[in-house]
Amino acid sequence: MIEFHQLRQFAAVAECGTLSAAAEKLYISQPALTRSMQRLEREAGVTLFDRRKSKISLNENGKFLLSLVGKLTEEFDSMVDRLRAFDKSRRTITVESCAPAPLWELMPALSAHFPGMTVSSGMKDEDSLARDLESGETDIIVTRRPETPGALCFELGRERLLLNVPKTHPLAGRKSVTFAEIEHYSFLLYSQIGEWEPLVRRVMPHTHFIVQDDWDNFISLSQISALPSFNSDLAVRFYGRSENSVVIPITDDEAEMIYYCHIRADKKRELRPLWETYIGKHI
């Protein structure tokens, strides 16, 4: 029976042109490689090489086999990659969200319910989230859309945007504000806030945003700058608030997001402990 490792050795011989060079590349002895190629020819029932005193080359049979081996090797490598990806998927729960805040509670909950699994997360726009769930690229998505065909959907929670200003800021004494009242100020804005960024740009079209991509830089600047920035009730609950600033509710309807969790149809049973916990909270 022809074995796959013999075909890889055969391809190495064809590439290197000599048995000695191929043996060196394969980290085996030349006599062992010679015996393996002779056995390959016996198993195939045809000759594959033209042999000369110091060189070996493929005959027409060998050239034809080489073309087949190339396809087989690609298919085999693809099979192995797919097998590894399948194994990883069985041990990994993938979550994607339209904003960071829902992940702060959801990720620890998943780790607690499924301690033997690896939990990975990321943020994408809502159209990409829907496509990833449908294609099976992700197991769970969190969006503002209440329904996804075939998926298990439930309300995960709500987040309200807050204005964050230094205690010396003119707005610091206000009990509440609207987007229209604050859009003439320049703002510090952290870029990795998901769907909140296009929202505030849409409702505050005349605002100059000074965008920071690095979280540590954003926090440092927000603590020493006179510029306002955004916070949220969930961020305050999970991470607290700065002693040097005050947070003020923004009363517009757009300042609140309702998040819905969508679990892929074929993962409903597997992830049942998660959705039972959250659905129970809203009964």
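Results, tabulated for the structure shown:
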quantity: Principal axis box of the range 111-220, alpha-carbon based, largest edge first, Å; calculated: 49, 29, 25
quantity: Rounded tilt (10° steps) of 30-44 against the dominant C-alpha axis of the chain; calculated: 80
quantity: Accessible surface, per residue, of the range 1-82 when the full set of protein chains is kept, probe 1.4 Å, Å²; calculated: 67
quantity: Heavy-atom surface of the range 175-266, accessible at 1.4 Å and reported per residue (Å²); calculated: 53
quantity: Global form of the range 232-283, assessed from the alpha-carbon gyration tensor, a/c cut-off 1.5; calculated: prolate
quantity: P(r) histogram, all alpha-carbon pairs of the range 53-143 included - 10 Å bins from 0, percent; calculated: 14, 29, 21, 13, 11, 9, 4, 0
quantity: Solvent-accessible heavy-atom area per residue, rounded to whole Å², over the range 86-155 at 1.4 Å; calculated: 49
quantity: Rough spin-label spacing in nm, given labels placed 7 Å along Cα→Cβ, for residue 112 and residue 4; calculated: 4.3
quantity: Distance in nm between pseudo-label sites at residue 220 and residue 144 (7 Å out along the Cβ direction from Cα); calculated: 3.3
quantity: Pairwise centroid distance, computed over Cα atoms, of the range 147-179 with the range 76-146, Å; calculated: 25
quantity: Distance histogram in 5 Å bins (all Cα pairs of the range 146-283, percent per bin); calculated: 2, 9, 17, 19, 17, 11, 9, 9, 6, 2, 0
quantity: Sites matching GluC sites (Glu not before Pro) across the range 96-160 that sit in DSSP coil, with at most 11 neighbouring C-beta atoms within 10 Å; calculated: 147
quantity: Spherically averaged projected area of the chain from its Cα convex hull (nm²); calculated: 23.4
quantity: Carbon/sulfur fraction of accessible area - the chain, other protein chains in place, 1.4 Å, %; calculated: 52
quantity: Segment residue 266-residue 20, length gained on full extension (0.36 nm per residue, minus Cα span); calculated: 83.3 nm
quantity: With Cα atoms, 0 to 90° folded angle of helix 101-113 axis to the chain main axis; calculated: 50
quantity: Whole-angstrom gap from the range 210-283 to the range 1-62, using each part's C-alpha centre; calculated: 62
quantity: Folded to 0 to 90 degrees: helix 60-90 orientation relative to the chain principal axis, Cα; calculated: 30
quantity: Cα-based Rg / Dmax (Å) for the range 1-74; calculated: 11.1, 33
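The values are calculated or read from the model by the stated rules, or taken from the named source; none is laboratory data. Since the model is a prediction, treat every value here as computed from it, not as a measurement. As a convention, Cβ positions derive from the backbone with ideal geometry for all residues, glycine included, and neighbour counts pool all protein chains shown. All accessible areas refer to the heavy atoms of the entire protein, side chains included, with ligands and DNA or RNA removed. Shrake-Rupley method; radii C 1.70, N 1.55, O 1.52, S 1.80 Å.
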